[in-house]
Amino acid sequence: MLKIVIVRMTGGSRPLLVFFCTDASLTGSIEVLFRGLKQQLGFADSRAHRRLAVLRTAPFAGLSYTLLVLWYMELVTNWQQMKLPLRPWYTTRATVSFADVLHLSQSTLAHTRWHSQCRIRANLRAASRSMSLSQGRAG
């Protein structure tokens, strides 16, 4: 079986890009990618209307997807170490889905301390001191 994807380019020297794929297993992966982009990352619900915003949305969604998958792969050094979530209603599952990776990243980031109160106070004091010094020199 041969799958052909034709992309019409609006700019550049080539009006069309043509991609061929004879490996049926890869076409399933591409469909999973777009499903993850649309359903889990909200690419299908983009509210971008201006031209530049629309042109940034797709690459940003793709970059986010790629970074999350690479982050997950970095966590797991061996395929045998990957642990699937326990779901008694879904016993036949053999792989981790993008939804699992996204959920893990969300729960990891939710417990991360992004700032320290002591550091914020110290930075504010240092900034106010430097402002008062510069105002004193200027006056």
Per the filter on the range 1-16, residues part of a loop (DSSP other than H, G, I, E, B) and at pLDDT 75 or above are MET9, THR10, GLY11, GLY12, SER13, ARG14, PRO15
If I ask for residues that are in contact with a helix residue (DSSP H, G or I) (Cβ under 8 Å, 6 or more places away or on another chain), outside any loop (DSSP other than H, G, I, E, B) and either at pLDDT 85 or above or surrounded by 14 or more Cβ atoms within 10 Å (Cβ to Cβ) (or both), which ones from the range 40-86 would you list?
GLN40, PHE43, THR57, ALA61, GLY62, TYR65, LEU68, VAL69, TYR72
Would you mind telling me which numbered condition in (1) among the charged types (D, E, K, R); (2) modelled with pLDDT of 80 or more; (3) not in a loop (DSSP other than H, G, I, E, B) ARG125 fails?
(2)
If you take the residues in the range 87-106 that are among the charged types (D, E, K, R) and surrounded by 11 or more Cβ atoms within 10 Å (Cβ to Cβ), which one is modelled with the highest pLDDT?
ASP100
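The values are calculated or read from the model by the stated rules, or taken from the named source; none is laboratory data. Here the structure is a predicted model, which is why all the values come from computation and not from measurement. Using ideal geometry, Cβ is built from the backbone for each residue, glycine included, and neighbour counts are taken over all protein chains shown.
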